[in-house]
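As C-alpha cells, the structure follows; a few thoughts come after it.
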C-alpha cells in the first residue's frame, strides 16, 4: 500500500526564527520504519516540496500527518488538501494534540485519528485497510464511520528496544537541512519516552500514559553507530532519569563511537545528585544540556508541581558551568509578572551565567492539568496562539508592556552576541524580540 507521511510546515512563530535550524521529523521516521514492507515516503514541508506534486507523483492510498496544538490548523489543512486532490485517500492525524484532544481532529477532511504512540497503530491500520477489514479491531484509534465517529480501546505500550530504528533513508534528500545553530548537522535520537513526573503545564507524561520507558544503552549505540552526523541530540524529555543507565551509555559511547558533540535534556536534581557522572559525560563530548528550570522561586515551582527547588536549580547551573557544559535553561514568565518580576528574572539569569536562557509565557497546553485549571480564564481558544510566547491568560501589565518586557529579557540575555554572525544579518534573538513586541498589534 502506498503511504505518504507529511511533516507540516513550520508554525508561524518558529518560521520567524530562521537561524535556529530544523530537526529531523523523528516521529514520522519511526512510523515509517514499521511500514517499510509498503511503499512509504516522507514529505517534509518545513524544508521543501509540495503536497500536490507528491500526491500526483505517488498516488497514495493513505496520507498521514502529525501535529502539536500550535500547528493543528495547518495539519488539518494538509489533510483537506489531500482529500481535494483525491477523495479516496484515507487521511490520518496523529501527534500530541490528536492524542489528548482527539475530538478537535474529528472534522471534515480527517478520516482517522491516532491516539498515543503511532508505530504499531499505523502498522495495523494500514494492514486493515489493505485487507479491507474494519478498523474496530485496531487499538488506539478514533475513526469515521459514515457520519459518526467510533473509538477503539487504548493501546498497550511496548518495550522501546522492540521498535525498529527510524527510517532515516526516507529523509535523505533533506538531511543537509537538519542542523542546529552552533551544532551543525545533527541527528536526533530518543533514549526514553514519557516522564516519571507530572508537571501541571506539561503534556508529555499524559501523552505516554504516565509511564517512563527507556531503551537499553546497547540499543541506542546500535542506532547511532550507523550515523555520521557530528552532533547527537537526545531529544527525550529526561535522558538522565536513570543515572546508572546513562553511565553505561557513556562507557559505550567512548568504546564504540567516534568523537561527537552531545546535547540532552535533564532535570536539575539529576545534576545535583551525580555531578561526577556529568563530569565524565563532559569528557565524552556532552556540551549542551537543556534544563526546565521554570523558575527560581519555590512557590512558583510548587504551583506547577515541578518537584524541584530553586536551590537545586542554582546548584545545577553552577555545577554545569564549572564543567563547561552550556545550560539551555527554560524559564516560565507568568502572566501576573510586574516590571519588578521581569527585572529580577533577568538579574538571576545574569547572576548565574545561564548560557542560553529561553523565556516562555506560562502556556496551559490543551490536555494538561494546567489547562483544566484555568480554562475559564483563557483569553483565546485559537490553538495557534498557544506557541509559548503569546499570553493566553490575562496579564497584570498592559499587554503591550508585557510583551515589551518579554522582548527585553531576550535582548538583555543575548545582546552581547549581537556582533556575531554575518555582517548586516539580524541575530535570531533580535528577530524574536521584534516579533514579540509586535504581538499586541497583530490582527
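Residue 228 - would you say it is touching a helix residue (DSSP H, G or I) at 6+ places or on another chain (Cβ under 9 Å), part of a loop (DSSP other than H, G, I, E, B) and at negative phi?
Against the criterion (touching a helix residue (DSSP H, G or I) at 6+ places or on another chain (Cβ under 9 Å), part of a loop (DSSP other than H, G, I, E, B) and at negative phi), residue 228 does not qualify.
I'd like the residue in region 101-117 that is under 20 Å from residue 4 (Cα atoms) and in contact (Cβ under 8 Å) with a residue 60 or more places away in the chain and, out of all such residues, is surrounded by the fewest Cβ atoms within 10 Å (Cβ to Cβ).
116
Which one of these is within 16 Å of the chain's Cα centre (by Cα) and under 21 Å from residue 182 (Cβ atoms): 235, 253?
235
Can you name every one of the helices (runs of 4 or more DSSP H) wholly within region 1-100 that holds 1 or more residues which are free of Cβ contacts under 8 Å to residues at least 12 places away in the same chain? Explain how you work it out, then say what you get.
Values: elements: 26-33, 51-58, 72-85, 96-100.
Helices (runs of 4 or more DSSP H) meeting the threshold: 51-58, 72-85.
Among the candidates 257, 293, which residue alone is over 15 Å from residue 243 (Cα atoms) and buried (at least 19 other Cβ atoms within 10 Å of the Cβ)?
Numbers: 257 fails: buried (at least 19 other Cβ atoms within 10 Å of the Cβ).
Unique residue meeting the criteria: 293.
Listed here are the residues, each with its yes/no results for (1) at pLDDT below 95; (2) assigned to a strand (DSSP E or B); (3) out of contact with any strand residue (DSSP E or B) (no Cβ under 8 Å at 6 or more places or on another chain).
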{"position": "185", "(1), (2), (3)": "yes, yes, no"}
{"position": "221", "(1), (2), (3)": "no, no, yes"}
{"position": "245", "(1), (2), (3)": "no, no, no"}
{"position": "263", "(1), (2), (3)": "no, yes, no"}
{"position": "279", "(1), (2), (3)": "no, no, yes"}
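Within region 391-428, can you find the residues that are assigned to a helix (DSSP H, G or I) and either out of contact with any helix residue (DSSP H, G or I) (no Cβ under 9 Å at 6 or more places or on another chain) or at pLDDT below 85 (or both)? Give the steps one after another, and end with the answer.
Of all residues in region 391-428, those assigned to a helix (DSSP H, G or I) come to 399-417, 428.
Those that are assigned to a helix (DSSP H, G or I) and either out of contact with any helix residue (DSSP H, G or I) (no Cβ under 9 Å at 6 or more places or on another chain) or at pLDDT below 85 (or both): 416, 417, 428.
Output the residue which, of all residues in region 314-345 that are in contact (Cβ under 8 Å) with a residue 40 or more places away in the chain and in a loop (DSSP other than H, G, I, E, B), is farthest from the chain's Cα centre (by Cα).
That would be 338.
Could you list, in sequence order, the residues of region 120-140 that are within 22 Å of the chain's Cα centre (by Cα), surrounded by 21 or more Cβ atoms within 10 Å (Cβ to Cβ) and at negative phi? Break it down stepwise before answering.
So the first thing to find is which residues in region 120-140 are within 22 Å of the chain's Cα centre (by Cα), and the list is 120-122, 140.
The next check asks that each one be surrounded by 21 or more Cβ atoms within 10 Å (Cβ to Cβ); those that pass are 121-122, 140.
Answer for region 120-140, where residues must be within 22 Å of the chain's Cα centre (by Cα), surrounded by 21 or more Cβ atoms within 10 Å (Cβ to Cβ) and at negative phi: 121, 122.
Give the residue that is surrounded by the most Cβ atoms within 10 Å (Cβ to Cβ), with candidates limited to residues of region 265-277 that are part of a helix (DSSP H, G or I) and over 24 Å from the mean Cα position of the chain (by Cα). Before you say what the answer is, go through the steps one by one.
Going through region 265-277, the residues part of a helix (DSSP H, G or I) turn out to be 268-273, 275-277.
Cutting the leftovers down to over 24 Å from the mean Cα position of the chain (by Cα) gives us 272-273, 275-277.
Numbers: 272: 19, 273: 14, 275: 17, 276: 8, 277: 17.
Looking at the filtered set, the residue picked out is 272.
Sort out which residues of region 284-301 are more than 13 Å from residue 263 (Cα to Cα) and more than 24 Å from the chain's Cα centre (by Cα), and write them in order of number.
Within region 284-301, 297, 298, 299 qualify.
One residue is enough: does region 141-154 have a residue meeting the conditions within 22 Å of residue 51 (Cα to Cα), in contact (Cβ under 8 Å) with a residue 40 or more places away in the chain and not in a helix (DSSP H, G or I)? Spell out how you get there, then give the answer.
Of the residues in region 141-154, the ones within 22 Å of residue 51 (Cα to Cα) are none.
Checking region 141-154: not a single residue is within 22 Å of residue 51 (Cα to Cα), in contact (Cβ under 8 Å) with a residue 40 or more places away in the chain and not in a helix (DSSP H, G or I).
Residue 133 fails exactly one of the following numbered conditions: (1) in a loop (DSSP other than H, G, I, E, B); (2) within 30 Å of residue 240 (Cβ to Cβ). What is the number of that condition?
(2)
Restricting to region 247-258, name every residue that is part of a loop (DSSP other than H, G, I, E, B) and in contact with a helix residue (DSSP H, G or I) (Cβ under 8 Å, 6 or more places away or on another chain). Steps first, answer last, please.
Applying the first criterion (part of a loop (DSSP other than H, G, I, E, B)) to region 247-258 yields 257-258.
257, the sole residue that qualifies.
Mind counting the residues in region 155-172 that are assigned to a helix (DSSP H, G or I) and touching a helix residue (DSSP H, G or I) at 6+ places or on another chain (Cβ under 8 Å)?
Our first condition is that a residue be assigned to a helix (DSSP H, G or I); within region 155-172, this holds for 160-162, 168-172.
Going one step further and asking which of them are touching a helix residue (DSSP H, G or I) at 6+ places or on another chain (Cβ under 8 Å), we end up with 160-161, 168, 170-171.
Residues meeting the conditions: 5.
Is there any pair with a first residue in region 416-436 that is surrounded by fewer than 19 Cβ atoms within 10 Å (Cβ to Cβ) and a second that is in a loop (DSSP other than H, G, I, E, B) and modelled with pLDDT of 75 or more whose Cβ atoms are under 7 Å apart and which are 6 or more apart or on different chains, and what are they?
Final answer for the pair search is 417/427; 418/427; 420/427; 421/427.
Tell me, please, whether a residue that is part of a helix (DSSP H, G or I) and more than 30 Å from residue 186 (Cα to Cα) can be found in region 288-298.
Narrowing region 288-298 to residues part of a helix (DSSP H, G or I): 298.
Keeping just the survivors that are more than 30 Å from residue 186 (Cα to Cα) gives 298.
The answer is yes, given that some residue of region 288-298 is part of a helix (DSSP H, G or I) and more than 30 Å from residue 186 (Cα to Cα).
Determine whether residue 348 is under 30 Å from residue 287 (Cα atoms), assigned to a loop (DSSP other than H, G, I, E, B), assigned by TED's automatic domain parsing to the domain that holds residue 265 and at pLDDT 95 or above. Walk me through it before giving the result.
Values: under 30 Å from residue 287 (Cα atoms): yes; assigned to a loop (DSSP other than H, G, I, E, B): no; assigned by TED's automatic domain parsing to the domain that holds residue 265: yes; at pLDDT 95 or above: yes.
Considered against the rule, which asks whether it is under 30 Å from residue 287 (Cα atoms), assigned to a loop (DSSP other than H, G, I, E, B), assigned by TED's automatic domain parsing to the domain that holds residue 265 and at pLDDT 95 or above, residue 348 comes out as no.
The values are calculated or read from the model by the stated rules, or taken from the named source; none is laboratory data. Values in this document were obtained by computation on a predicted structure and should not be read as measured data. So basically every Cβ, Gly included, is an ideal-geometry build from the backbone, and we count neighbours across all protein chains shown.
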